[in-house]
1. What ranking do 173, 142 get, fewest neighbouring Cβ atoms within 10 angstrom at the top?
2. Suppose each label sits 7 Å from its Cα in the direction of the beta carbon; what would the residue 122-residue 147 distance come out to in nanometres?
3. Over the stretch 94-181, what is the relative contact order in whole percent, taking alpha-carbon pairs under 8 Å and six or more residues apart?
4. Given an 8 Å cut-off on Cα distances and at least 6 residues of separation, report the relative contact order of the stretch 62-110 as a percent.
5. Rounded, prolate or oblate for the stretch 60-181? Axes are the square roots of the Cα gyration tensor eigenvalues, ordered a ≥ b ≥ c, and the cut-off for rounded is a/c under 1.5.
6. What list do you get for 160, 85 if you sort them by fewest beta carbons within 10 Å?
7. So for 45, 133, fewest C-beta neighbours within 10 Å to most, what's the order?
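FYI, it's all coordinate maths here, none of it is from the lab. Please read these numbers as outputs of a predicted model, since none were measured by experiment. Positions of Cβ are backbone-derived with ideal geometry, glycine not excepted, and every protein chain shown enters the neighbour counts.
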């Protein structure tokens with residue numbers, strides 16, 4: 001019963017992203033709309049390009065498409081810091097972190113979830129794995145790629161930033177790493 005409530009909470013919080021304002025506490029926009037406009041399309045199909053991104057890292061830095069390496073594959077895991085499935089998947093990834101050595105890995109939360117970073121840190125100890133970058137979406141990326149099935153959602157992109165695979169919910173680590181060779 002508790003697990004079902006957590007799943008529902010996770011889905012509601014991600015769905016609330018659609019109506020969330022993309023602002024910080026001082027009401028300053030997180031992005032200039034002209035910087036994140038991109039060609040409309042279905043970003044959920046294999047082979048689709050990664051949409052234009054503008055993420056705010058936990059440390060306040062930014063991540064844009066030009067910051068993503070074209071020499072490595074990229075995983076963007078959409079998560080909710082309060083989601084038990086997201087916690088479990090992150091722990092599993094941390095236990096197998098060496099399998100992600102040649103991969104850029106971003107843990108992406110909705111902008112209204114940044115206040116929960118410390119809870120996630122205390123629960124999962126994600127800072128032990130500097131390869132896992134926590135960030136908040138400020139470009140509508142989640143709205144463009146989220147399949148509204150369950151969390152976490154793991155999107156794997158090739159070196160050319162084309163979508164290779166989407167996993168939702170609990171997934172075996174070998175299923176994910178099979179796409180990293």
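1. Working: 173 14, 142 21.
Least crowded to most crowded, the residues run 173, 142.
2. So the label points at residue 122 and residue 147 sit 3.4 nm apart.
3. Averaging sequence separation for qualifying contacts and normalising by length gives 26 percent for the stretch 94-181.
4. Working: 38 pairs, mean separation 27.7, N = 49.
57 percent.
5. Values: a/c = 1.30, a/b = 1.14, b/c = 1.14.
Here the stretch 60-181 falls in the rounded category.
6. Numbers: 160 9, 85 20.
Taking fewest neighbouring Cβ atoms as first place, the list is 160, 85.
7. Values: 45 9, 133 19.
Neighbour counts put them in this order, fewest first: 45, 133.
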